[in-house]
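A short write-up of the structure that comes next.
The values are calculated or read from the model by the stated rules, or taken from the named source; none is laboratory data. Predicted, not measured: the structure shown is a model, and the values here were computed from it. Virtual Cβ from ideal backbone geometry, glycine too; neighbours counted across all protein chains shown.
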């Protein structure tokens, strides 16, 4: 299709907004059963749209999930796609077609706002000059982002290819191997902190919070954690305003509810669960604000709004914020076992809400879908043909996403410390000897000297290992997983 033809076709299509939360668990939202925290905006989005009960991020940690979603390729196939430091090089190859690149080819204006954590530059990045390659080189028309995570330096925003508000006379230096000069650190100067680390996170101090990594300079560009949600909402509003006259695709990746959890004071004390609960409230407000921007321009009916999370929940992930002490009866993963970093379902089974008033009937879907499927699904929706080697691990499940079919994938691979494979009602976790409980987070990993087998239709909490009594099923799923490891397997 010619570029003019693609643009004409896109003008009749809905906008697409993906709101991608960080560390939100299957049980953290009211529409998924939470009662200790109120999420009215997300509950409304779910009530008026389609809520999925068996949707998955491709990994139980952030960077690989984001990589898989934007490339349609399982991150575990490529070295260097684990959780990245803040000074990592870009891990998505600009030479390969990405999800935003495909949407751009289909005539959409594309933008990314929020958490990136996929690396920037080609290595040894100079933060004081043009920052590339990055989002613009893989298919986004505009970008306003934090380079990595809130707990990693550099603690600055990047707009397109430059640090926002940087004074050239105060250049930024970043180092992940050793301290820079005699700058204070969380380890040496705890008296300077307003949020204290529980493990790690004791290096550079920015805004009274010590981080992972060291940095100096860039004082005029440093972010204020309490204002981050508002900055991202404002950037999303600007993108919607600038793009409203033509179809657009917005990837809006929140910082909430990742650590450090330092929500704006308007949300402090909004819940009984301390900063983690208050960050959920702030996240819900963020969703409401994005919807207000769409409503202001009359775009709600013709916009597909999707909400999901990069992995399952974690309670103590590095800071003393009373998240464990004030959890109460709240179960971040709901009825699932495990969470972030875990091989169990709580690691990758996450909320997925899809709302499109003009095209999706409200309801609940049990279809098995993965975020890596968004690429090929929206390619199909936008009339774009992909080569077999493009988005090779992605499956077209658009009929399920739109609620036209109750059937999604036939099987899916889940990734954490080990690989698991889901097919039908059974799940196999491959053998992965090691510690059962992570020392720092107290998170259940799902390790085992032998493969584990669970029948999720009867045992959603994965409490009964059936591997000894069902060797044929273990052999069947092990063979399929081995085949997938060798390369993409169509379905």
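Comparison of 18, 84, 29 shows that the only residue that is within 27 Å of residue 403 (Cβ to Cβ) and either crowded, with 23+ Cβ neighbours inside 10 Å or at pLDDT below 95 (or both) is 29. In the set (1) within 22 Å of residue 371 (Cβ to Cβ); (2) free of Cβ contacts under 8 Å to residues at least 40 places away in the same chain, the condition left unmet by residue 99 is number (2). Checking 154, 179 one by one, the residue that is buried (at least 22 other Cβ atoms within 10 Å of the Cβ), touching a strand residue (DSSP E or B) at 6+ places or on another chain (Cβ under 6 Å) and outside any strand (DSSP E or B) is 154 and no other.
Taking the listed residues 477, 453, the one that is under 25 Å from residue 393 (Cα atoms), touching a helix residue (DSSP H, G or I) at 6+ places or on another chain (Cβ under 7 Å) and modelled with pLDDT of 95 or more is 453, with no other qualifying.
From the list 159, 194, which residue is surrounded by fewer than 14 Cβ atoms within 10 Å (Cβ to Cβ), modelled with pLDDT of 95 or more and closer than 29 Å to residue 23 by Cα?
194
Candidates 281, 246: the one that is over 22 Å from residue 152 (Cβ atoms) and under 21 Å from the mean Cα position of the chain (by Cα) is 281. Checked against the criterion of being in the same structural domain as residue 247 (by TED's automatic domain parsing) and either within 21 Å of the chain's Cα centre (by Cα) or more than 19 Å from residue 457 (Cβ to Cβ) (or both), the candidates 392, 438, 431 yield just one match: 392.
Specify which of the listed residues (152, 231) is within 20 Å of the chain's Cα centre (by Cα), assigned by TED's automatic domain parsing to the domain that holds residue 110, at pLDDT 95 or above and more than 27 Å from residue 294 (Cα to Cα).
152 is the lone residue from the list that is within 20 Å of the chain's Cα centre (by Cα), assigned by TED's automatic domain parsing to the domain that holds residue 110, at pLDDT 95 or above and more than 27 Å from residue 294 (Cα to Cα).
So that you can scan it fast, the table gives a plain yes or no per residue for (1) assigned to a loop (DSSP other than H, G, I, E, B); (2) at pLDDT 95 or above; (3) under 30 Å from residue 411 (Cα atoms):
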position	(1), (2), (3)
312	yes, yes, yes
325	yes, yes, no
331	yes, yes, yes
337	yes, yes, yes
342	yes, yes, yes
352	no, yes, yes
361	yes, yes, yes
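For the stretch 257-287, filtering for residues that are surrounded by fewer than 17 Cβ atoms within 10 Å (Cβ to Cβ), in contact with a helix residue (DSSP H, G or I) (Cβ under 7 Å, 6 or more places away or on another chain) and at pLDDT 95 or above leaves 1.
Taken over the stretch 453-482, the criterion of being under 15 Å from residue 414 (Cα atoms) and free of Cβ contacts under 8 Å to residues at least 60 places away in the same chain is satisfied by 453, 454, 477, 478, 482.
Can you tell me which residue in the stretch 195-237 is nearest to residue 175 (Cα to Cα), limited to those that are in contact with a helix residue (DSSP H, G or I) (Cβ under 7 Å, 6 or more places away or on another chain) and in a strand (DSSP E or B)? Here the answer is 205. Condition test on residue 103, is it buried (at least 24 other Cβ atoms within 10 Å of the Cβ) and more than 18 Å from the chain's Cα centre (by Cα)? Answer is yes for this residue. Within the stretch 441-451, being more than 18 Å from residue 484 (Cβ to Cβ) and more than 26 Å from the chain's Cα centre (by Cα) holds for 448, 449, 450. Somewhere in the stretch 119-135, is a residue crowded, with 23+ Cβ neighbours inside 10 Å, under 21 Å from residue 149 (Cα atoms) and touching a helix residue (DSSP H, G or I) at 6+ places or on another chain (Cβ under 7 Å)? No, every residue in the stretch 119-135 fails to be crowded, with 23+ Cβ neighbours inside 10 Å, under 21 Å from residue 149 (Cα atoms) and touching a helix residue (DSSP H, G or I) at 6+ places or on another chain (Cβ under 7 Å).
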